[in-house]
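Encoded as structure tokens, the structure appears first; notes follow it.
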Amino acid sequence: MSRYVLLLEGLSSVTRSCDIKHEFEACGTVKEVERDAKSRSALIEMKRSSDAEYAWKKMAFCADGLRIDGKKWKVEYAIRDDFKYFGWKWTEGGDSPTPSPPRFPARSDRSD
């Protein structure tokens, strides 16, 4: 699991990268946002791990869920497979540790 990069799922087709960046900047400095229209997901790289943790806690555990452009966003820490899907280089050191059980359905609907 990445310490700096979050995976955002459940995006609307009209949600732009700059909209995502704007929402996450309320939690800290955003280094990069890459959106994938096909999977309706995005990777968000935060400058500090504490910013990523704060964003994850704030957005993943919203009482009513975080809804943007009519869609409920799901926020998780990115794992090695997410980096591979987006074509990003894994920069967290060795192999990804075994992730804790996901709060949301598996990401198996993606095709590589």
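Figure legend. Inter-residue proximity from the range 15-34: first residues among the charged types (D, E, K, R), second residues crowded, with 16+ Cβ neighbours inside 10 Å and assigned to a helix (DSSP H, G or I), beta-carbon distance below 8 Å, spacing 6+ or different chains. Indicated pairs: Glu23/Met59; Glu34/Phe86.
When restricted to residues that are over 18 Å from Phe83 (Cβ atoms) and open to solvent by 50 Å² or more (accessible area, probe 1.4 Å), the range 41-61 contains 7.
Within the range 66-78, being within 10 Å of the chain's Cα centre (by Cα) and not aromatic (Phe, Trp, Tyr) holds for Lys74, Val75, Glu76, Ala78. Of all residues in the range 7-39, exactly one satisfies the criterion of being closer than 17 Å to Phe86 by Cα, open to solvent by 60 Å² or more (accessible area, probe 1.4 Å) and among the aliphatic types (A, V, I, L, M), namely Ala37. Checked against (1) modelled with pLDDT under 85; (2) closer than 22 Å to Ser12 by Cα, Ser100 meets all criteria but (2).
Specify which of the listed residues (Trp90, Trp73) is part of a loop (DSSP other than H, G, I, E, B) and at pLDDT below 90.
Numbers: Trp73 fails: part of a loop (DSSP other than H, G, I, E, B).
Every option except Trp90 fails the conditions.
Considering each residue of the range 11-42, count those that are over 11 Å from the mean Cα position of the chain (by Cα), hydrophobic (A, V, I, L, M, F, W, C) and more than 17 Å from Trp88 (Cα to Cα), and give that number. The number of residues fulfilling the criteria is 4.
The values are calculated or read from the model by the stated rules, or taken from the named source; none is laboratory data. The structure displayed is predicted, hence computed values, not measured ones. Neighbour counts are summed over all protein chains in view; Cβ atoms, including those assigned to glycine, are modelled from backbone coordinates with ideal geometry. Heads up: the accessible areas ignore ligands, DNA and RNA and are worked out on the full protein's heavy atoms, side chains in. Shrake-Rupley method; radii C 1.70, N 1.55, O 1.52, S 1.80 Å.
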